[in-house]
Structures are given as C-alpha cells and as structure tokens.
Amino acid sequence: MTSRPSASFWSRNSLAARIALASAFFGLLMTGGAVLVGYYALAHQLETRTAAELQGKRDLLIHVLSEIPSLQAIDANKHRFGDLLIGHDDLHLALEDPVSSQGVLSFSPTAQASVSALAGAPPNAAASRDWTTPAGERLSGIVSTAPTADGVPVKYYLSLDRRHDRQLLAGFMKTVLVGWPMLMLVVALGAWLIARTGLAPLRRFHRLAASVGTQSLGQRISSAGLPRELYELAEAFNSMLERIDAGYRRLQDFSGELAHEMRTPVATLMGRTQVALSQKRTGAELQDVLEGNVEELERLSRLIADMLFIARADHHEDPLHQEPVQLRQEAERVADYLSLIADERGLSVQVTGAAEVMADRLLVQRAITNLLSNAIRHAAAGSTVRLAIRVDEDRATLAVINHGEPIAPEHLSRIFDRFYRIDTGRARLDGGTGLGLAIVRSIMLAHGGQATATSEAGGEVTFALEFPAPQTHRPGLA
C-alpha cells in the first residue's frame, strides 16, 4: 500500500489560521522595526540630555570660578562647588591647580576616575567624551580650563555617570521582550477572529459544493449580504453552475436524441436480418436484404461522422487552415455541384454580391453546401434559391434565401440544435441525420461568426452565415 503524501504545514491549516500567522509575522516585523527606532531615538535623547546637562553645569562652574578671587581662595569656597553637586549623585567634579602643589581637589567620591580617564585629553569645553570605567560604569565628561577672578586658569574635570541611562534602556528592552510575545499573541488571535468572522460566508460555498451532484445542479449560492469580493465569487460560482447545468442537460438531451436516432436503423437492421434468417432465402432475396442493410449502415456511418465532426469542431481539436476565401467563388462552386438536384425540382440558383473573408475553405464549402441543399429540399417547385453576399461595416454575410413553407418562431430558436427536425418523418425519408444545420453552427462558431435563420410570413426563409470582416477577424481557434 502506498502511503499518502503528507500535506505541507500551510495546506493543513485554515485560511483564518494562515491570515493570523501572516498578521503575527507582519506585526512582528513592524513592531520590531518600531522597537529599534524607539530604542535608538531614546538613546539619542539621553545623549542629548547628558550633553545639555554637562554644558549647563560647566557654565555654572565657570560662573562660580569667576567669583573666586584667586586660586588660594578655592579651598575656602569648597562649599560653593559642593553646592553644584547637590541633588546630582551622578555628577562628579575635580579641579586641578597647575601652579600650586595642591594637586587635584575632588568634590565627589569617583571624581578621581574622571581625572584618570580625561588626564590625557586636550582641554575642550565644547566637546564631551564618553568612556567606560574598569568597573563597567559608563561616563561622559568634559575637561577644560576656566579662570578665577584674578585671571589665573584652573583646569576642571566634569563628568556624569550614565548608569541611570543604561538602566532606563535596559528597562525599555526588558519591557519590550516581556510584552512582545503577548502583543503578538493578541495580534494573531485578533486577526484569526477577524478572518474567521469575515470568511464565514465561505461556508455557503462549502455546503453547496458538498451537496452538488448530477441531480442537484439547480442549486445556487445566495449572494445576499456578501461583501464585494465574495459577491463576485458567488456570482462567478453560480455562473459556473449554470454552465455545468446547461451542459449536463444538453448532454442528457443529446444522449437521448442520439439513442433515438440510432435505434431506428439498428432496429431496421435487426428486423430485416432476423426475417431473412427465419427461413431459407434465395440468393437474390439475400442480396436485396444486404443492399437494404447497406443503406442503413451508410446512414449510421454518416450519423457517426457528423457527430465526430461536431464534437471536434466544438472542442477546437482541429486547427483552422485559414486563408483568403472569396465567398462568391465558393458559392458558385457549390451551386454548380448541386445544380442537378435543383434541376430535378425545377429550381434555379442565383448568386449575387461578393466578399472576401479569412476562413478555412473546406469548412466554408461544407457550410454553404448544407444550407443550399437544405434550401433546395424545402423550396417551392419552380422557385429561385438566391445566395446573396454582402459586406457590412463589421461583418461579411452570405445569405441563402428560398421560398417555401414559413418556419414558426418556436422552431427558429432551435433550428440549429442537434437532431432537431421540424418534420421528423420527412427528414428521415430524405435520409437526413438532423445534424446538417448543427454542423453549420459549429463551423461558424469556430470562425468567430454565427449562423442565423429568419422566416417571413410570405414564405421567404433566410439562412445566413455571418463572418467577421477581415480587418476585425481574429485567428482561428486551435
């Protein structure tokens, strides 16, 4: 036993689940991008705030130094420098006297680390410098000089501990990492609920598709209340069912008609053969039976050949060998071919007009032959059958016109159907299969044209072949 191929993950899941997963993935990408943008924006804002705070303290430090009389007075004014650091446990300050031996005056516990880190940096009050201590603490600082009241410069080291900024960024990322999965879960669940609700009308399609069978092709999907996309899908689905239903009915009708058409010759063959075998027959009698059987077999052969031709034409199995065709020339050729039959009934055939079309010459001949032979068969004795050719703006028309019994409107609508006969008994006696006009229609459809029939009250009956004009004609269907 061969194992059934396993379906892929996507094919096993519902459309709502796919939308939910796709939405979660898209949300993951979008929120990831937003988190990155937010993280770098926050880091930039912290950098800007640190720089602004350092510059503000630098300006205040310069102001305090400008009010101290001399270097010697700095020690006595330590409290003023200490006031600069009140409320700023992350701010560190150290002063260096390049002249005296006092060395470095630190005004915070970690100021010495700032001096060590910034000792080699050139004084620059406009630029801050970032570094990390051996303990892993990140600091930003400024090293520069500022004069006291007597103009003697004092070198200062001003730094800011960035641990609070680092804690803020770490807290931001922690919050994101904790909340991100929950957010994605909510997005996926919401998308799934929305998709499931929005796709609920598709269950109508499922129920209908599951219930459609040969006996229930008349069912249709109700499009009431459907959104536009599903409304269009429902209309297309109903149209498909209409075509399938119509095709199935035509197939049923065709099967019945074909069985009916074949039953008569088969029954005749069986009856004649059984009678011939019921008792001894002379050679002449058996020959007569065989000749009759041959006639029925020829009729069956014509029927089968016509059915095969229509089937192949309707399915475009044979390509059209298109070439420029002069309708007048083909009409005159067919009229000459059928002239003996017309003469037997005292009919004359007249061809008028001219037109050129792109078509399959042999198929055009066959269509004209079928129409003209039909007109000769039904025309009143002694009348004229006309083949009138004309060219309109968008088509070329060959009309076969005869005078005879008018055709009722209810017959005109079905005159080109397979096996349809107005006078069944007469058609069978004439040896017709009921497929001649159906073949004409198939030929014209293959050429992108159409076959029409009209009947006037006075008895004028017109069968017309309408070809697309050469400038608008499309290539034949293969």
For region 167-237, compute the orientation-averaged projected area of the C-alpha convex hull (one quarter of its surface), in nm².
7.0
Just to be sure I understand the model, the point goes 7 Å from the Cα along the line to the Cβ. What's the resulting Leu169 to Val35 distance in nm?
1.6
Residue-wise HN-Hα coupling along region 406-418, computed from phi with Karplus coefficients 6.51, -1.76, 1.60 (Hz; x: Gly, Pro):
x, 9, 5, x, 5, 8, 4, 5, 10, 5, 9, 6, 5
By average Cβ neighbour count within 10 Å, what is the ranking of 276-284, 445-453 from highest down?
445-453, 276-284
Leu347's amide H: which non-local residues (gap 5+, or another chain) put their own amide H closer than 5 Å, with H modeled 1.01 Å from N in plane and none for Pro or chain starts?
Gly382
Shape of region 264-394, Cα gyration tensor, a/c cut at 1.5:
oblate
Note to self: Kirkwood Rh of region 126-210, Cα pairs, one decimal, Å, is 19.0
From the C-alpha coordinates alone, can you work out the Kirkwood hydrodynamic radius of region 163-297, in Å?
22.7
Using the per-residue mean of other Cβ atoms lying within 10 Å as a proxy for protection, in what order, highest first, do the peptides 138-144, 174-180, 86-92 fall?
138-144, 86-92, 174-180
Note to self: with every protein chain in place and a 1.4 Å probe, region 350-395 gives an accessible area per residue in Å² of 45
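The values are calculated or read from the model by the stated rules, or taken from the named source; none is laboratory data. Computed from a predicted model, the values in this text were never measured in an experiment. Cβ sites come from the backbone with ideal geometry, for glycine too, and all protein chains shown count toward neighbours. Each accessible area value is taken on the protein alone, full model and side chains, heavy atoms only, with ligands, DNA and RNA left out. Shrake-Rupley method; radii C 1.70, N 1.55, O 1.52, S 1.80 Å.
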